[in-house]
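Q: One structure, as structure tokens, below. Some questions next.
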Amino acid sequence: MKKVLVTGGAGFLGSHLCDRLLDRGDDVLCIDNFFTGQRKNIAHLNGHPRFEFIRHDVTFPLFVEVDQIFNLACPASPVHYQFDAVQTAKTSVIGAINMLGLAKRTKAKILQASTSEVYGDPEVHPQTEDYWGRVNPIGIRSCYDEGKRCAETLFFDYQRQHNVKIKVMRIFNTYGPRMHPNDGRVVSNFIVQALRGEDITLYGDGTQTRSFCYVDDLIDGMVRLMDSGDDVLGPINVGNPVEFTMRELADAVIELTGTKSKIVHRPLPSDDPRQRQPDITQARTKLGWEPQVQLRQGLMRTIDYFRSVVGEGA
Ligand code: NAD
Ligand code: UDP
Ligand code: UDP
């Protein structure tokens, strides 16, 4: 039985990952400081014989014995990662150093949850892994973007210098059940606003694009990457290449919820990327991975989840 550490395990992606690992028989140690995670995301795992939780902040050293580490700890929503920008940079960088130090000592394999944000506001479209990106080093998104870029650097340096077995995954926008209702990201915002009959806040003119991956597909890609051969280090893009404008997303949410909510425009936040779409050739060829869930199908499942959490017309 493998002993697997999941940092950020009470978060949106982390909690789904814990479920998947337990389902396949692993012994799971979940750590989280509850900055953006929720107790209820892992409440159903209390008492599971192979699940253990420790409240811990990855910016502090952690001494445990494990075979694999999934390093997901870091707020992912712009609203939350900008709330305490210094802590976000510390979580990415010092957190990576601590988890890499742990991997070095225990000889565990370690996967980093990196991000499409390493490409910044990209001039290469769709984004391939060899594109170095266009990132503002001093803007309001930089604590996250540059923190994640530095973490990637550390992963490759620990690999080159200390032979740590690394996997770096560049995650593109992912959505699904267990996103926090006040998370601030676009899918949860639009659905919660629609269910409550509130205005739907479209930033800018709504022509900026994103490509949304359903959480089950993403977790499948993450587990495949961890299990891939030692020659596959990444960085590797995992996301759904079907690209939509934010206007199209708002229209789809309005249609699928049947809401009477109206779209209102709000200013576009600074450094908001204009377009984003993963080139997933590497994930297809090296991991045999392909997203299965269409946007509408995934949105319906997510809407059902939020109905149970926030109610309708509330
Ligand atoms: P999330 O905010 O739901 O989860 C992050 C978790 O990390 C939370 O439970 C939070 O409490 C915890 N955390 C934050 N700082 C911590 C610290 N210092 N010590 C311990 N725990 C800490 O976000 P998510 O969407 O589940 O994202 C998980 C990971 O995936 C993040 O690293 C994020 O950067 C990456 N990612 C996510 C997406 C996406 O679209 N969901 C896209 C790209 C990258
Ligand atoms: N570390 C940790 N758990 C371990 C081993 C290391 O948290 O089991 C931390 C340790 O505190 C250190 C960091 O990881 O600050 C980096 O470890 P490394 O061995 O690279 O550095 P060093 O200990 O030589 O500074
Ligand atoms: N967005 C929006 N309304 C919202 C929240 C976000 O129009 O209520 C836009 C945002 O400006 C961005 C896109 O949706 O262009 C995705 O934003 P999100 O915060 O989900 O993720 P990221 O910008 O990190 O991809």
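Q: How much length, in nm to one decimal, is gained on full extension between residue 136 and residue 161, taken as 0.36 nm per residue of separation minus their Cα-Cα distance? Intermediate results must be reported in sequence, preceding the final value.
A: Numbers: separation 25, 0.36 × 25 = 9.00 nm, distance 2.87 nm.
This chain segment gains 6.1 nm when fully extended.
Q: Please give the helix 85-106 orientation as an angle from the longest Cα principal axis of the chain, in degrees from 0 to 90, rounded to the nearest 10.
A: 30
Q: Considering the chain as a Gaussian network with a 10 Å cut-off on Cα pairs, which listed residue, 190, 83, 156, attains the greatest mean-square fluctuation?
A: 83
Q: Now for a separate question. Give, as ranges by residue number, the residues of segment 190-219 whose backbone N falls under 13 Å from the point 7 Å along Cα→Cβ of residue 2.
A: none
Q: So, one more: Taking the alpha-carbon distance from residue 260 and a cut-off under 23 Å, which lysines remain once sequence neighbours fewer than 8 residues away in the same chain are dropped?
A: Qualifying lysines at Cα under 23 Å: none.
Q: When the scattering of segment 173-214 is computed by the Debye formula from its Cα atoms alone, each counted once and equally, what is log10 I(q)/I(0) at q = 0.20, 0.22 Å⁻¹?
A: Log-scaled intensity ratios, in q order: -0.66, -0.79.
Q: Please compute the net charge surrounding residue 121, taking Lys and Arg as +1 and Asp and Glu as -1 over other residues with Cβ under 13 Å from its Cβ.
A: Numbers: positive: 134, 141, 210, 274, 276; negative: 117, 123, 145, 271, 272.
Here the count lands on 0.
Q: Radius of gyration and Dmax for segment 127-190's Cα atoms, expressed in Å?
A: When restricted to Cα atoms, segment 127-190 yields Rg and Dmax of 15.2, 45 Å.
Q: Quick check on segment 248-314: take the gyration tensor over C-alpha atoms, sort the square-rooted eigenvalues as a ≥ b ≥ c, and tell me if it's rounded (a/c under 1.5), prolate or oblate. Display every interim value, and only then the final one.
A: Values: a/c = 2.81, a/b = 1.43, b/c = 1.97.
Oblate, since a/c reaches 1.5 and b/c is not below a/b.
Q: Rg/Rh for segment 144-265: what does it come to with C-alpha atoms and Rh from Kirkwood? Each step should come with its number before you reach the end.
A: Working: Rg = 18.1 Å, Rh = 16.6 Å.
Rg/Rh: 1.09.
Q: Measuring with a 1.4 Å probe in the full set of protein chains, what accessible area per residue, in whole Å², belongs to the chain? Walk me through the numbers before you get to the answer.
A: Details: 13200 Å² over 314 residues.
Solvent-accessible surface per residue comes out at 42 Å².
Q: Principal axis extents for segment 99-153, Cα atoms only, whole Å, descending order, please.
A: Rounded to whole Å, the extents work out to 40, 24, 13 Å.
Q: Anyone know which of 228, 211, 188 comes out most mobile in the 10 Å Cα GNM of the chain?
A: Looking only at 228, 211, 188, the largest GNM fluctuation is found for 228.
Q: Sticking with this one: If you place +1 on the Cβ of every Lys and Arg, -1 on the Cβ of every Asp and Glu, and leave all else neutral, what size is the dipole of the chain about its Cα centre, to the nearest 20 Debye?
A: Values: 37 positive and 39 negative charges, 108 e Å.
Its charge dipole is roughly 520 debye.
Q: Would you mind estimating how fast segment 200-314 diffuses translationally, via Stokes-Einstein at 37 °C and 0.692 mPa s with the Kirkwood radius over Cα pairs, in µm²/s? Mind dumping the intermediate values first?
A: Details: Rh = 16.1 Å.
Reported coefficient: 204 µm²/s.
Q: Calculate, in nm to one decimal, what residue 203 and residue 300 gain on full extension: separation in residues at 0.36 nm each, minus their alpha carbon distance.
A: Working: separation 97, 0.36 × 97 = 34.92 nm, distance 2.29 nm.
Taking residue 203 through residue 300 to full extension adds about 32.6 nm, to one decimal.
Q: Under a 5 Å amide H to amide H cut-off, with H placed in plane at 1.01 Å, what residues pair with residue 169 once short-range neighbours are removed?
A: Amide H to amide H, under 5 Å and 5 or more residues apart or across chains, residue 169 pairs with 112, 114, 236.
Q: Select from 166, 69, 263 the residue whose mean-square fluctuation is largest in a Gaussian network model of the chain (Cα-Cα springs shorter than 10 Å).
A: Looking only at 166, 69, 263, the largest GNM fluctuation is found for 263.
Q: Work out how much length residue 245 to residue 63 would gain on full extension: take 0.36 nm times their residue separation and subtract the Cα-Cα distance, in nm to one decimal.
A: Working: separation 182, 0.36 × 182 = 65.52 nm, distance 4.48 nm.
My answer for the length gained is 61.0 nm.
Q: I would also like to ask the following. List the relative contact order of the chain as a percent without decimals, with contacts defined as Cα pairs under 8 Å and 6+ residues apart. Before the final figure, lay out the partial values.
A: On the way: 642 pairs, mean separation 56.1, N = 314.
Result for the chain is 18 percent.
Q: Can you give the translational diffusion coefficient of the chain in µm²/s, computed by Stokes-Einstein from the Kirkwood radius over Cα pairs at 10 °C and 1.306 mPa s? If you can, show how the numbers build up before the last one.
A: Numbers: Rh = 19.7 Å.
D = 81 µm²/s.
Q: So, how do all the Cα-to-Cα distances of segment 39-89 break down into 10 Å bins, in percent, from 0 on up?
A: That works out to 17, 41, 34, 8, in percent per bin.
Q: So how strong a dipole does segment 141-259 carry about its Cα centre when Lys and Arg Cβ are +1 and Asp and Glu Cβ are -1, to the nearest 20 debye?
A: On the way: 13 positive and 18 negative charges, 77 e Å.
The dipole magnitude comes to about 380 debye.
Q: Give the lysines whose C-alpha is closer than 18 Å to that of residue 148, dropping any in the same chain fewer than 8 places away, or say none.
A: 90, 167
Q: Local charge sum around residue 220 (other residues, Cβ-Cβ under 10 Å, Lys/Arg +1, Asp/Glu -1)?
A: Details: positive: 20, 224; negative: 216, 217, 290.
Result for the neighbourhood of residue 220: -1.
Q: Also, quick follow-up: Could you compute the net charge surrounding residue 139? Neighbours are other residues with a C-beta less than 13 Å from the C-beta of residue 139; K and R count +1, D and E count -1.
A: Numbers: positive: 134, 141; negative: 117, 121, 145, 146, 271, 272.
Taking every other residue near residue 139 into account, the sum is -4.
Q: Once you have a ≥ b ≥ c as the square roots of the Cα gyration tensor eigenvalues for segment 1-63, tell me rounded if a/c is under 1.5, and otherwise prolate or oblate according to whether a/b is larger than b/c. Mind showing how you got there, number by number?
A: Numbers: a/c = 1.84, a/b = 1.26, b/c = 1.46.
Oblate shape, in that a/c is at least 1.5 and b/c is the bigger or equal ratio.
Q: Using the scaling law 2.2 N^0.38 Å as the reference, what is the normalised Cα Rg of segment 1-124?
A: This ratio for segment 1-124 stands at 1.05.
Q: OK, next. With unit charges on the beta carbons (Lys and Arg positive, Asp and Glu negative) and the dipole taken about the Cα centre of the chain, which residue among 73, 22, 244 sits farthest to the positive side?
A: Looking along the dipole axis, the top candidate is 22.
Q: Which shape class applies to segment 69-129: rounded if a/c is under 1.5, otherwise prolate when a/b exceeds b/c and oblate if not, where a ≥ b ≥ c are the square roots of the Cα gyration tensor eigenvalues?
A: Values: a/c = 2.91, a/b = 1.36, b/c = 2.14.
Oblate shape, in that a/c is at least 1.5 and b/c is the bigger or equal ratio.
The values are calculated or read from the model by the stated rules, or taken from the named source; none is laboratory data. Note that this is a predicted model, so its numbers are computed, not measured. So basically every Cβ, Gly included, is an ideal-geometry build from the backbone, and we count neighbours across all protein chains shown. Each accessible area value is taken on the protein alone, full model and side chains, heavy atoms only, with ligands, DNA and RNA left out. Shrake-Rupley method; radii C 1.70, N 1.55, O 1.52, S 1.80 Å.
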